[in-house]
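The values are calculated or read from the model by the stated rules, or taken from the named source; none is laboratory data. Only a predicted model underlies this, so the values are computations on that prediction, with no experimental measurement involved. Every residue, glycine among them, receives a Cβ derived from its backbone with ideal geometry; neighbour counts consider all protein chains shown.
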Amino acid sequence: MAIPILHDWEKYFSHPHEGLGSSYERIMLNLLLSRYQQQYQINTILETPSFGFTGLSGINMVALAQKGCEVSLEDHNHHRLQMITDLWHSLNLPLKHKYNEDYSVLDYPDKSFDMGYNFSAMWFTKDIALFLSELGRVCSKLILICVPNRQGIGYRMQIKDYSPNAYPELKPEHLDPISITYLMNKNGWKLIDKNYIDCPPWPDIGMNKELFFKRVVGSNKPAPEPIASNEVSIMPYYQGNDPSFESRMLKFSLLERFAPPCFQKYWAHHQYLAFTK
């Protein structure tokens, strides 16, 4: 979760250096998505809103698309939507896309998609009750929602930069897992899994993680091998040019795998909620 992405998202399309933090995050999300895709035999996916990741916009579903899933996504910015479409074409992947001004209506027939997905973008919806009702209507098997960990140290530090006047497009109250679960239950969807995700050894801070490591270990010491490069991006991995990318990111997953929930509650960057009918 980083509010600055509202203003600097476009730079990643010309220079897709996302840094270690976002790169690690992508691999953790890919593993989660792959698990659910296999478990529920997901073939069609709607991601809406698709804007919310700190980094290159619109590529959260690339890994599943490369496995053969049919992906549709929505955005409330025409220019960004076109840039996302061009990026998918550069990867030789099909993409269905649609502009949606406020996400109050999802213009698809009932049960058009096996899965609905939202990553850290719920606060762009104008009316969360309408949005979740629509999402439940157009999906049939699974809805996976990821929100910033509001108990986390990083979120509490970053949300201090928020004010309704400065960011009228954001509604932080829409990120509340309890409210989301209540509304999903009301729509006939049952919470079947929830957990913390994205729990690396660095806090969720608005800082380049390479710089963070240098400050921790000392500027005269070499950076850990997985982040020795000045450029960290998942795009070469998706292009087939960096097969060891995932294994390098997994070297930082010790806390992800072994830290107790009482620790992750305050350190993990995100929390996910999975719902089925």
From D114, D75, residue being surrounded by 15 or more Cβ atoms within 10 Å (Cβ to Cβ) and touching a helix residue (DSSP H, G or I) at 6+ places or on another chain (Cβ under 6 Å): D75
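I'm trying to understand the selection: among the residues of region 192-206, which are within 17 Å of L31 (Cβ to Cβ) and surrounded by fewer than 16 Cβ atoms within 10 Å (Cβ to Cβ)?
D193, K194, N195 - these are the residues of region 192-206 that are within 17 Å of L31 (Cβ to Cβ) and surrounded by fewer than 16 Cβ atoms within 10 Å (Cβ to Cβ).
Conditions (1) surrounded by fewer than 18 Cβ atoms within 10 Å (Cβ to Cβ); (2) of a type in the set (F, W, Y); (3) under 17 Å from the mean Cα position of the chain (by Cα), marked per residue:
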position: T48; (1), (2), (3): no, no, yes
position: F51; (1), (2), (3): no, yes, yes
position: G55; (1), (2), (3): no, no, yes
position: Q82; (1), (2), (3): yes, no, no
position: T85; (1), (2), (3): yes, no, no
position: P94; (1), (2), (3): yes, no, no
position: K98; (1), (2), (3): yes, no, no
position: Y103; (1), (2), (3): no, yes, no
Test set (1) within 16 Å of the chain's Cα centre (by Cα); (2) not in a helix (DSSP H, G or I) - Y24 fails condition number: (2)
For C139, state whether it is closer than 12 Å to W189 by Cβ, at pLDDT 95 or above and either in contact with a helix residue (DSSP H, G or I) (Cβ under 7 Å, 6 or more places away or on another chain) or surrounded by 14 or more Cβ atoms within 10 Å (Cβ to Cβ) (or both). yes
Give me a count of the residues in region 165-181 that are in a helix (DSSP H, G or I) and either loosely packed, with under 14 Cβ neighbours inside 10 Å or aliphatic (A, V, I, L, M) (or both). 4
State whether the residues of region 90-109 include one that is in a helix (DSSP H, G or I) and within 23 Å of N30 (Cβ to Cβ). yes
Tell me whether region 73-84 contains one or more residues that are assigned to a loop (DSSP other than H, G, I, E, B) and touching a residue at least 24 places away in the same chain (Cβ under 8 Å). yes
Check on L31, surrounded by 14 or more Cβ atoms within 10 Å (Cβ to Cβ), more than 26 Å from F131 (Cα to Cα), out of contact with any Gly (no Cβ under 9 Å at 6 or more places or on another chain) and free of Cβ contacts under 8 Å to residues at least 24 places away in the same chain: yes
Name the one entry in F258, F252 that is more than 25 Å from M122 (Cβ to Cβ), at pLDDT 95 or above and in contact with a Pro (Cβ under 8 Å, 6 or more places away or on another chain). F252
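Name every residue in region 125-162 that is of a type in the set (A, V, I, L, M) and outside any helix (DSSP H, G or I), in order of residue number.
Step one: of region 125-162, the residues of a type in the set (A, V, I, L, M) are 128-130, 132, 135, 138, 142-145, 147, 153, 157, 159.
Residues satisfying the conditions are L142, I143, L144, I145, V147.
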May I ask you to verify whether S90 is buried (at least 21 other Cβ atoms within 10 Å of the Cβ) and either in contact with a strand residue (DSSP E or B) (Cβ under 9 Å, 6 or more places away or on another chain) or under 30 Å from Q239 (Cβ atoms) (or both)? no
Restricting to region 113-123, name every residue that is assigned to a loop (DSSP other than H, G, I, E, B) and touching a strand residue (DSSP E or B) at 6+ places or on another chain (Cβ under 7 Å). S120
